[in-house]
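Reading through the structure tokens given below for one structure.
The values are calculated or read from the model by the stated rules, or taken from the named source; none is laboratory data. This structure is a prediction, so every number in the text was calculated from the model and none was measured. Cβ atoms come from the backbone with ideal geometry, glycine included; neighbour counts cover every protein chain shown.
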Amino acid sequence: MGARSCIGMFDSIACEYDGLNRIVSLGLDRSWRRRTARALLRDDGGASADPGLHDRHARVLDLATGTGDLAVAIASEHLEARIWALDASERMLDLARRKIARLGLDQRVGFILGDACALPFPELYFDAAATAFGLRNFEDRPRALAEIARVLRPGGTVAILEATEPEGRVIGALARLYIHRVLPLIGAIAGHASAYRYLEHSIARFPRPARVLETMGEAGFDRLSCSPLLHGAATLFVGRRGER
Ligand SMILES: C[S@@+](CC[C@H](N)C(=O)[O-])C[C@H]1O[C@@H](n2cnc3c(N)ncnc32)[C@H](O)[C@@H]1O
């Protein structure tokens, strides 16, 4: 699927996105996003955690914000941070804007319609960056990671949450059954069969965690780690923007 049809697909499922997300993640997506938001302070296990996000001027990028749930999690975990929420889908952004206003967070979260592969920000603009279920959808992932590295200050943390395919024999087989049989069924029942076929294929095609870490390293991140969530049904990748 090309970049334009991918965004068109997200436009078309925007209204049902949150509800379906809860169902397909078995209700775990919110706690995974909170964990992603907390990881923005992670550096080496806490001993020298980056203090940047306690600064009231700390700037955090939420890339591919969708309906804004990660921006909400970041705002709740980092009370002083200001968040820039970017997405390429107008309808997703519109829902995010309304959600953020309803929660009274509109003074802290700004919205930008834009492309992850050509970020409209100057170099070193952000103290931290995160994306939840975004990376898998970017047409040029190395380019998007290089863009994140460009706009992050040295020492800034990136946290990337993504749906992945578990590798173990038994768990892996169960997960594949879920991804290739249950997800398409949920999509068909919800009236979004092609969007959920896309979800199924994009998870199956997403690179193994070790390869994702390699690509992050090539983009300029160091102190890399990955944590499997629910036996690897999702993975949280964390890195620090190295010095150039
Ligand atoms: C699966 S949703 C994730 C939304 C949200 N981050 C969440 O936690 O649920 C993927 C989002 O990526 C956005 N997206 C896809 N390609 C993009 C691109 N090149 N630049 C910016 N956003 C993009 C889509 O519009 C969609 O809102």
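The requirement of being surrounded by fewer than 19 Cβ atoms within 10 Å (Cβ to Cβ), of a type in the set (D, E, K, R), farther than 15 Å from residue 125 by Cα and within 13 Å of the ligand (Cβ to nearest atom) is fulfilled nowhere in the range 62-69; no residue meets it. From the list 150, 98, 169, 136, the lone residue that is exposed (fewer than 15 other Cβ atoms within 10 Å of the Cβ), modelled with pLDDT of 95 or more and not acidic (Asp, Glu) is 98.
Is there a residue being at pLDDT 95 or above and more than 23 Å from residue 153 (Cα to Cα) anywhere in the range 74-88? The answer is yes, given that some residue of the range 74-88 is at pLDDT 95 or above and more than 23 Å from residue 153 (Cα to Cα).
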